[in-house]
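Enquirer: Before I ask anything, let me first share the structure, which is written out below as structure tokens.
The values are calculated or read from the model by the stated rules, or taken from the named source; none is laboratory data. None of the values given here were measured: they were computed from a predicted structure. Virtual Cβ from ideal backbone geometry, glycine too; neighbours counted across all protein chains shown. Heads up: the accessible areas ignore ligands, DNA and RNA and are worked out on the full protein's heavy atoms, side chains in. Shrake-Rupley method; radii C 1.70, N 1.55, O 1.52, S 1.80 Å.
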Amino acid sequence: MRAVTVTKGEFRVSELLTPTPGAGQVLVDVLRCGICGSDLHARLHCDELADMAVATGYEHFMRSDQSVVMGHEFCGEVVDYGPKTRKRWKPGTRVVSLPILRHGDQPHLTGLSAAAPGGYAEQVLVQESMTFPVPNGLSAEHAALTEPMAVAWHAVRRSRIEKGQTAYVIGCGPIGLAVISMLKASGVRTVVASDFSPRRRELAARCGADVVVDPGVDSPWTSAPRKSGISGVTDVLNLGFDAMEKLRRLPNVPWWYVFRAAHTFNKGPAGPVIFECVGVPGMIDQLLTAAPPLSRIIVVGVCMESDAIHPAMAINKEIELRFVLGYDPGEFRDTLHMIAEGKVDPAPLITGTVGLDGVDSAYSALASPESHAKILIDPRSTATAP
């Protein structure tokens, strides 16, 4: 089969042996594969990523001296089965899969491990237990975006945002756009999106953002149509005075029961929920400084460098900081069906398609935020530029 390999940051279109499915695995013809932001980083900085992965207990991340087929956002058609499979779907069935294989008891990240070649190829192996049929005749282009949209759905779900809270999405690259889409799909009424790029702001509006802000001109924090009433620590302190003055006016009512009930049901004053989708040094600390008190910051952008924050700023504002990664199989399946049922539309993210011979030019194009968001690879296309 034809595939794109990367070694020491250099791409090459090669003829490789067709993968042989092992125990529990399925061979799939790749129809579309997305280029992820993490792919861009892994191409040049995989050794740093691999060292970090080892520190967390995963030893199989790709290294620069290896020849690796990347690509973990894909949709394909069933071709053949390996041993110990249930052969759940007929050949030709369109499927998507979590990008992970297991050899024995060792998990390997598809497209990010030399032992699990990815979707920049005509064929790829998937684990049958982690694979799902594509419903409702969903196109391969949209089905291929299940994986990045699932990352966003996990972030939104873990944020515990309520429909009436204001969401701020800082950074409108592919993952920020996916977060916007998922916030609106979950019913959040007010989403403020912020990015310096005019092109990305345009895509943010297409994904459903209610307010789109150029942070070089306007502050996202003052752009929301609905104000929370909490802009500083003084406002939080005054809430305590106001609550106690009202509660103590009620005769024969133990006011502390009201607080206990609020504590039991985790209710009380709350600020907005902020999604950090930039992933550059200094961004978290900027948000800690600028965000209103009682905010919840969800860190979705992956910063690969050391960073510094001022904890006292977060403490004085009682800001909650949460980091998220990936998704679980249930979130992945639910994301696929949300797309197939029209509850969320990934179309605005797709800005170009190339064949295997166009992967190198696609990476160059993705370096500019004004040109592209998500470029798909069609292994059978002859397109060399997106």
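Yes/no matrix, rows are residues, columns are (1) surrounded by fewer than 19 Cβ atoms within 10 Å (Cβ to Cβ); (2) not in a loop (DSSP other than H, G, I, E, B):
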site: 157; (1), (2): yes, yes
site: 162; (1), (2): yes, no
site: 167; (1), (2): no, yes
site: 181; (1), (2): no, yes
site: 187; (1), (2): yes, no
site: 192; (1), (2): no, yes
site: 196; (1), (2): yes, no
site: 200; (1), (2): no, yes
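Enquirer: If I ask for residues that are within 38 Å of the chain's Cα centre (by Cα), at positive phi and surrounded by fewer than 11 Cβ atoms within 10 Å (Cβ to Cβ), which ones from the stretch 231-290 would you list?
Expert: Correct list: 266 only.
Enquirer: Counting just the residues of the stretch 59-95 that are part of a loop (DSSP other than H, G, I, E, B) and of a type in the set (Ser, Thr, Tyr), which one comes out farthest from the chain's Cα centre (by Cα)?
Expert: Residues of the stretch 59-95 that are part of a loop (DSSP other than H, G, I, E, B), as a first pass: 59-67, 70-72, 82-93.
From what is left, the residues that are of a type in the set (Ser, Thr, Tyr) are 64, 67, 85, 93.
Working: 64: 25, 67: 26, 85: 30, 93: 26 Å.
The qualifying residue farthest from the chain's Cα centre (by Cα) is 85.
Enquirer: Separate question: Which residue pairs have Cβ atoms under 6 Å apart, sit 6 or more places apart or on different chains, and have a first residue in the stretch 30-55 that is more than 21 Å from residue 349 (Cα to Cα) and a second that is surrounded by fewer than 23 Cβ atoms within 10 Å (Cβ to Cβ) and among the hydroxyl-bearing types (Ser, Thr, Tyr)?
Expert: 46/64; 47/64
Enquirer: Which residue out of 94, 102 is under 25 Å from residue 338 (Cβ atoms) and open to solvent by 50 Å² or more (accessible area, probe 1.4 Å)?
Expert: Details: 102 fails: under 25 Å from residue 338 (Cβ atoms).
Only one candidate passes the filter, namely 94.
Enquirer: Could you tell me whether the stretch 239-258 includes any residue that is within 24 Å of residue 45 (Cα to Cα) and part of a loop (DSSP other than H, G, I, E, B)? Spell out how you get there, then give the answer.
Expert: Residues of the stretch 239-258 that are within 24 Å of residue 45 (Cα to Cα), as a first pass: none.
No: zero hits.
Enquirer: Filter the stretch 342-386 down to the residues that are aliphatic (A, V, I, L, M) and open to solvent by 50 Å² or more (accessible area, probe 1.4 Å), then identify the one that is nearest to residue 37 (Cα to Cα). Don't jump to the end; show me each part of the working.
Expert: Within the stretch 342-386, the subset aliphatic (A, V, I, L, M) is 344, 347, 349-350, 354, 356, 359, 362, 365-367, 373, 375-377, 383, 385.
From the residues that got through so far, the ones that are open to solvent by 50 Å² or more (accessible area, probe 1.4 Å) too are 367, 385.
Details: 367: 10, 385: 18 Å.
Taking the candidates together, the pick is 367.
Enquirer: Now, a different point. Going by the conditions given, is residue 219 over 27 Å from the mean Cα position of the chain (by Cα) and either open to solvent by 50 Å² or more (accessible area, probe 1.4 Å) or not aliphatic (A, V, I, L, M) (or both)? First the steps, then the outcome.
Expert: Working: over 27 Å from the mean Cα position of the chain (by Cα): no; either open to solvent by 50 Å² or more (accessible area, probe 1.4 Å) or not aliphatic (A, V, I, L, M) (or both): yes.
Judged against the criteria, residue 219 is not a match.
Enquirer: Restricting to the stretch 20-34, what's the tally of residues that are touching a helix residue (DSSP H, G or I) at 6+ places or on another chain (Cβ under 6 Å) and either open to solvent by 20 Å² or more (accessible area, probe 1.4 Å) or under 20 Å from residue 143 (Cα atoms) (or both)?
Expert: Residues that pass the stated criteria total 3.
Enquirer: Quick check on the stretch 125-132. Is at least one of its residues more than 30 Å from residue 8 (Cα to Cα), open to solvent by 40 Å² or more (accessible area, probe 1.4 Å) and outside any loop (DSSP other than H, G, I, E, B)? Write out each step before concluding.
Expert: Filtering the stretch 125-132 down to residues more than 30 Å from residue 8 (Cα to Cα) leaves 128-132.
With the extra rule that they be open to solvent by 40 Å² or more (accessible area, probe 1.4 Å), the set shrinks to 129-130.
Then keep just the ones that are outside any loop (DSSP other than H, G, I, E, B); that gives 129-130.
Yes: one or more hits.
Enquirer: A further question follows. Return only the number of the condition from (1) within 15 Å of the chain's Cα centre (by Cα); (2) open to solvent by less than 20 Å² (accessible area, probe 1.4 Å) that residue 328 does not satisfy.
Expert: Tallying (1) within 15 Å of the chain's Cα centre (by Cα); (2) open to solvent by less than 20 Å² (accessible area, probe 1.4 Å), residue 328 fails exactly one: (2).
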